[in-house]
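Student: Got a structure for you, questions after.
Only the coordinates and a few stated rules stand behind these numbers; no lab work does. All figures in this text were calculated on a predicted structure; none of them were measured in a lab. Positions of Cβ are backbone-derived with ideal geometry, glycine not excepted, and every protein chain shown enters the neighbour counts.
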Amino acid sequence: MQYVGRGLDDVDARRLRVRRPDSPRGVLDQTIISAYPNPDLAEYALGLLREHSPVAPKEAQVLASDRDAALDRLQDFAADVRKALEAGNGVLIIRVDEADAFEARELLDEDTRSLWTMATPPVPARAANGRG
Amino acid sequence: MAEADIRARRAAHKRLTFKEILRAVGPGVITGGADNDPAGIATYSIVGATAGFGQNWLLLLSTPMLIVVQQISAKVANVTKTDLATLLRTTYGARIATPAVLLMVIANVITMGADLLAMAAALQLLTGVKFVFWVVPLAGLMAYVTIFTEYKVFSKYLLWLVAVFATYILAAFLARPNWGDVLRNTLIPHMSFTPAYLLGAVALLGTTITPYLFFWQASGEVEERRGVDGMALRNIDISAGMIWSNITAFFIIVSTGAVLYSHHAEIRTAADAARALEPFAGPYATVLFATGIIGAGLLAIPVLASSAAFGVAGLAGWRRGLGRHAQNAPQFYVVIGLSFLVAMELAVGAVDPIKALFYSQVLDGVIAPVLIVLMILLTSNRKLMGDYVNGLPTKVIGWSAAAAMIVADIALAYQIATKGLPG
């Protein structure tokens, strides 16, 4: 039997474990908002999230205008987003399962070097869908 | 009500089984024992030796405050999914976040220096080699452990070394204090407006409700990816740990009060502090005390350095986390390395380990209320916390903690300004 450390071809995958959060899925959702210097960078960050992260956003959108209907759903955070858009920034909004929110926020906050990243409080998944 | 809403509410307010509670309490009790770092042990010993049981009531008063402050540190991280420094920056801006975090970093580095001195003094007790020769090897070893090894694995074994402080409980009973006196001083608050008493009070509150623990708790929740689902169990775990931490502190004070205060003996060296364990350990008190101090230092110093690095990296928006490899979060690990260097420099330059340990906790007592106020404001903010916003009991206890510490700080500043520092 080959063991971990002898090169990729020889890795004994039975010894590898991918740790997933223990939180139940499908119960709560959270929205992560990130601002970038321009909309292109926000699109780039979204691409990075989709291609290189195990997090699958339930909804994802890059805002470039303060007239977007998605702003209404952000309630208290809408003012922060409007301010960023008025400054010419691109804003990425993703909705994820609460169990994935740590990973999503970490990626947008630390790995993509956003101008700022905020998370709305967790809400029941159905209410976040706008179909509550 | 929609089915998803019902499931969400059940997840947030589910009834816990006795087995679940027992399982949650275990690690908390062990961690609580580890919360008493060398500076804490020295502070409790000095308070016991200089004021007897006279400040026990502060320990009782601070227990619910400590629990609430730690619980809100955990809650804010689990709801917002980030650490305290990042949250302060994104909510209040750099003007407020930077000084708040830098105060914590300064207090941490000074406490690291004092803890290094305590460990070196403990090694001097065991080997007879002067403490200054131990500082650099100790700092090097711990910097290596923090940066290049898995602290979590390492800490599991060290917890057993720190368990020796539980022997203070036996030592306190064997020292035969006047228990009526102990109870009266624990249950009935009384103040003495002298610089020495107030200095002890500020240090005792600062070492109990200590700033680095807020940052460590929040960063730990983020690293573990706990989330809001397990918060009820988490709160039980935190409560058990903090109660155990303060029980240990209580018996350290009772034991040193009975052994040293009653004989008007002062604590000038680590060997003096170790005498409080003599009723239990006799001639082995020094070995037991030194072993505990070394274990406590090995556990606490990496936490202090990491909390400082979490703070600075959160302010700057750098990659951070002990789960990340050094190459993946270079600035985070550079801050850890720098804090070890500065702490080592402070420790080498210091002449009196016991005074350094005590005054580092006075500094914590001055800084803590600023951070507590900011944390209560964060966790009372409905925009950030939604349905998880602080309830009335949490607000009352949290604000009381900040108020008690601010009053003690102001009284101390006034007394020092008018009467000077005690000798």
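Student: Given R₀ = 45 Å, FRET efficiency for A:Glu43-B:Ala403 by Cβ-Cβ distance, to 0.05? Can you show the working numbers first?
Tutor: Values: r = 49 Å, r/R0 = 1.09.
Efficiency, from the Cβ-Cβ distance: 0.35.
Student: Here is a further query. Net charge near A:Ala78, counting Lys/Arg +1 and Asp/Glu -1 over other residues with Cβ under 13 Å of its Cβ?
Tutor: Numbers: positive: A:Arg67, A:Arg73, A:Arg82, A:Lys83, B:Lys383; negative: A:Asp66, A:Asp68, A:Asp72, A:Asp76, A:Asp80, A:Glu86.
The answer is -1.
Student: Where a Cα-Cα gap under 24 Å defines reach, which lysines qualify for B:Lys395, not counting those fewer than 8 residues away within the same chain?
Tutor: B:Lys14, B:Lys75, B:Lys81, B:Lys383
Student: Moving on to the next point. In the protein assembly as shown, with Lys and Arg counted as +1 and Asp and Glu as -1 at Cβ, which of these residues, B:Asn178, B:Leu205, B:Pro353, has the Cα nearest the positive end of the dipole, that is, farthest along it?
Tutor: B:Asn178
Student: I want the local charge near B:Ala350. Using Cβ-Cβ distances under 15 Å, sum +1 for each Lys or Arg and -1 for each Asp or Glu among the other residues. It would help to have the intermediate numbers written out before the result.
Tutor: Working: positive: B:Lys130, B:Arg268, B:Lys355; negative: B:Asp115, B:Glu345, B:Asp352.
Once all neighbours under 15 Å are counted, the net charge is 0.
Student: Could you tell me which residue out of B:Ala218, B:Leu59, B:Thr91 lies farthest along the dipole of chain B toward its positive end? Charges go on the beta carbon: Lys and Arg +1, Asp and Glu -1, centred on the Cα centre.
Tutor: B:Thr91
Student: On to the next question. With +1 assigned to the C-beta of every Lys and Arg and -1 to the C-beta of every Asp and Glu, and no other charges, what is the dipole magnitude of the range B:353-423 about the Cα centre in debye, to the nearest 20?
Tutor: In total the dipole reaches around 60 debye.
Student: How high is the relative contact order of the range B:238-301, in percent, with contacts defined as C-alpha pairs under 8 Å that are six or more residues apart? The partial results should precede the final answer.
Tutor: On the way: 28 pairs, mean separation 13.0, N = 64.
Result for the range B:238-301 is 20 percent.
Student: Counting each DSSP H run of 4 or more residues in chain B as -39500 (n - 2.57), what helix-only mean residue ellipticity at 222 nm follows after dividing by all residues, to the nearest 500 deg cm²/dmol?
Tutor: That comes out to -26500 deg cm²/dmol.
Student: Pop out the Kirkwood hydrodynamic radius of the protein assembly as shown from its pairwise C-alpha distances, inverse of mean 1/r, in Å to one decimal.
Tutor: Details: mean 1/r = 0.0404 Å⁻¹.
After inverting the pairwise mean of 1/r, the radius is 24.7 Å.
Student: Moving on to the next point. Of B:Gln327, B:Ile301, B:Tyr144, which is farthest along the charge dipole of chain B in the positive direction, counting Lys and Arg as +1 and Asp and Glu as -1 at C-beta?
Tutor: It is B:Gln327.
Student: Roughly what would the spin-label model give for B:Tyr92 and B:Ala326, points 7 Å off Cα along C-beta, in nm?
Tutor: Result for the modelled spin labels: 3.4 nm.
Student: Rounded to the nearest 0.05, what FRET efficiency do B:Phe133 and B:Val396 give with R0 = 56 Å and r taken as the Cβ-Cβ distance? Could you check?
Tutor: Details: r = 51 Å, r/R0 = 0.90.
Calculated value: 0.65.
Student: Between A:Ala69 and A:Glu51, what length in nm is gained on full extension when 0.36 nm per residue of separation is reduced by their alpha carbon distance? Display every interim value, and only then the final one.
Tutor: Details: separation 18, 0.36 × 18 = 6.48 nm, distance 2.67 nm.
Using 0.36 nm per residue and subtracting the Cα-Cα distance, I get 3.8 nm.
Student: What distance in nm separates the simple spin-label points at B:Thr149 and B:Ala166, each placed 7 Å from Cα in the Cβ direction?
Tutor: The two pseudo-label positions are separated by 2.3 nm.
Student: Based on Cβ point charges of +1 for Lys and Arg and -1 for Asp and Glu, what charge dipole magnitude is obtained for chain B about its Cα centre, in debye rounded to the nearest 20?
Tutor: Values: 29 positive and 22 negative charges, 201 e Å.
The calculation lands at about 960 debye.
Student: Using a Förster distance of 25 angstrom, determine the FRET efficiency expected from the C-beta separation of B:Phe173 and B:Ala265, and round it to 0.05. Before the final figure, lay out each step's value.
Tutor: Details: r = 20 Å, r/R0 = 0.80.
For B:Phe173 and B:Ala265, the calculated efficiency is 0.80.
Student: Can you run the Rg to Rh ratio on chain B? Use alpha carbon positions and the Kirkwood inverse-distance Rh. Each step should come with its number before you reach the end.
Tutor: Values: Rg = 20.9 Å, Rh = 21.7 Å.
On the Cα set of chain B, Rg over Rh gives 0.96.
Student: Using the Cα centre as the reference, give the magnitude of the dipole from point charges on the C-beta atoms of the protein assembly as shown (Lys, Arg: +1; Asp, Glu: -1; all else neutral), rounded to the nearest 20 debye. Show your work: numbers first, answer last.
Tutor: Details: 47 positive and 45 negative charges, 174 e Å.
The calculation lands at about 840 debye.
Student: Quick one: 3J(HN,Hα) in Hz for the range B:116-124, Karplus 6.51/-1.76/1.60 with θ = phi - 60°, rounded, Gly and Pro as x.
Tutor: After applying 6.51 cos²θ - 1.76 cosθ + 1.60, I find 4, 4, 4, 5, 5, 5, 5, 5, 5 Hz.
Student: Related question: Give me the net charge for the shell around B:Thr379: Cβ to Cβ below 11 angstrom, other residues only, Lys and Arg +1, Asp and Glu -1. Let's see the in-between values first.
Tutor: On the way: positive: B:Lys75, B:Arg382, B:Lys395; negative: none.
With Lys, Arg at +1 and Asp, Glu at -1, the neighbours total +3.
Student: What ³J(HN,Hα) values, in whole Hz, does the Karplus curve 6.51 cos²θ - 1.76 cosθ + 1.60 give for the range B:384-396 when θ = phi - 60°, with x put for Gly and Pro?
Tutor: Karplus values, whole Hz, x for Gly and Pro: 7, 9, x, 6, 9, 4, 4, x, 4, x, 5, 4, 4.
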